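Asker: Dropping a structure here in structure tokens format, bear with me for questions.
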Amino acid sequence: MTGNDTATDGASAAGVRIDTSKPHPARMYDWFLGGKDNYPVDEEMARQLLTIDARGRDMARVNRAFMHRATRWLGGAGVRQYLDVGTGIPTEPNLHQIAQQVAPESRIVYCDNDPIVLAHAEALLRSTPEGATAYIQADARDPQTILERAGEVLDFTRPVALSLLALLHFVDDEDGAYELVSRLVERLAPGSYLVLSHVTGEFDPEGAAKARAMYRGRGLTLRPRTREELTRFFDGLELVEPGVTLTAEWHPELGEPVQVAGDGPIPGYAGVARKP
């Protein structure tokens, strides 16, 4: 897929069936960012989460700003291929727009498991003529399918930046969080990068426990991790300076600062590491 073509995997938007009986993280994230592609069930839970930490919208904005900065850094480091798993509902500027501003020939594959993301992919994921964008409908817990389909657009013999942004805290240890990252990274060529952001409960353990219980009550998973637990995902890789840091503190010079409420840190960590 080159030029302005956008590849989508699976049914067209017209055939999408969206389950609105329970909230979905991608749609809740959209609500936090001020989007319109969510449902009352998503807004209801998002508002309940705000009673635990009123800075939910700030968390989403800080995470998105990290994606922008990390993508600029990767483009400057020569990366021209990106695999973004758990992309969420497209919000401009998205990863491909940042990457192709740096290098128009960049190729990007997005992946998510929420049908509403598929419904918007064709309209919003537009490539430069020199590059390519694609969207595949798959679950992060099925890395083999992701790799097979992404391989139709990306050349895995060359470096790829694998982004798992605000995703792994929805996968518990017993569901294979560390294993799925290992399987994805194993396929990447030397010189590739792993990009992670993740919520933590280190600053408010009581609030994190309440949020976990809220998710569990709706049949969803939330697994905040410590800085040490997040760093484990980078085992065998070379962390880029400044290592695993608070999300807002990773190379802030690469983007506009996000103004947040309150004095405490936004409870999330992020990092980028290179595969040797």
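Asker: Of everything in the stretch 39-55, what is assigned to a loop (DSSP other than H, G, I, E, B) and either in contact (Cβ under 8 Å) with a residue 60 or more places away in the chain or over 26 Å from P115 (Cβ atoms) (or both)? Give them in sequence order. Steps first, answer last, please.
Answerer: Pass one, the stretch 39-55, residues assigned to a loop (DSSP other than H, G, I, E, B): 39, 53-55.
Those that are assigned to a loop (DSSP other than H, G, I, E, B) and either in contact (Cβ under 8 Å) with a residue 60 or more places away in the chain or over 26 Å from P115 (Cβ atoms) (or both): D53, A54, R55.
Asker: Please work out if P23 is surrounded by 14 or more Cβ atoms within 10 Å (Cβ to Cβ), farther than 12 Å from I89 by Cα, at pLDDT 90 or above and not charged (D, E, K, R). Give the derivation first.
Answerer: Numbers: surrounded by 14 or more Cβ atoms within 10 Å (Cβ to Cβ): yes; farther than 12 Å from I89 by Cα: yes; at pLDDT 90 or above: yes; not charged (D, E, K, R): yes.
Criteria met by P23.
Asker: Related question: Just checking, how many residues over the stretch 173-212 are open to solvent by less than 50 Å² (accessible area, probe 1.4 Å) and closer than 21 Å to G56 by Cβ? Don't jump to the end; show me each part of the working.
Answerer: Filtering the stretch 173-212 for residues open to solvent by less than 50 Å² (accessible area, probe 1.4 Å) gives 176-178, 180-181, 184-185, 188-189, 191-201, 207-208, 211.
Pick out the ones that are also closer than 21 Å to G56 by Cβ and you get 196-201, 207-208, 211.
The qualifying residues number 9.
Asker: Would you confirm whether any residue within the stretch 91-107 is in a loop (DSSP other than H, G, I, E, B), at pLDDT 95 or above and of a type in the set (A, V, I, L, M, F, W, C)? Explain how you work it out, then say what you get.
Answerer: Of the stretch 91-107, the ones in a loop (DSSP other than H, G, I, E, B) are 91-94, 103-106.
Still in the list and also at pLDDT 95 or above: 103-106.
Those left that are additionally of a type in the set (A, V, I, L, M, F, W, C): 103.
The answer is yes; a qualifying residue exists.
Asker: Quick one: which helices (runs of 4 or more DSSP H) sit completely within the stretch 112-187 and have at least 1 residues that are within 18 Å of the chain's Cα centre (by Cα), modelled with pLDDT of 95 or more and under 30 Å from P267 (Cα atoms)?
Answerer: Working: elements: 115-124, 143-150, 177-187.
Output list reads 143-150, 177-187.
Asker: Quick check: anything in the stretch 218-240 hydrophobic (A, V, I, L, M, F, W, C), open to solvent by less than 30 Å² (accessible area, probe 1.4 Å) and part of a helix (DSSP H, G or I)?
Answerer: Looking for residues that are hydrophobic (A, V, I, L, M, F, W, C), open to solvent by less than 30 Å² (accessible area, probe 1.4 Å) and part of a helix (DSSP H, G or I), one finds at least one in the stretch 218-240, hence yes.
The values are calculated or read from the model by the stated rules, or taken from the named source; none is laboratory data. What you see is a predicted model; the values in this text were computed from it and never measured. Quick reminder, even Gly has a Cβ in these numbers, built from the backbone with ideal geometry, and neighbours come from all protein chains shown. These accessible areas exclude ligands, DNA and RNA; they are computed on the full protein's heavy atoms, side chains included. Shrake-Rupley method; radii C 1.70, N 1.55, O 1.52, S 1.80 Å.
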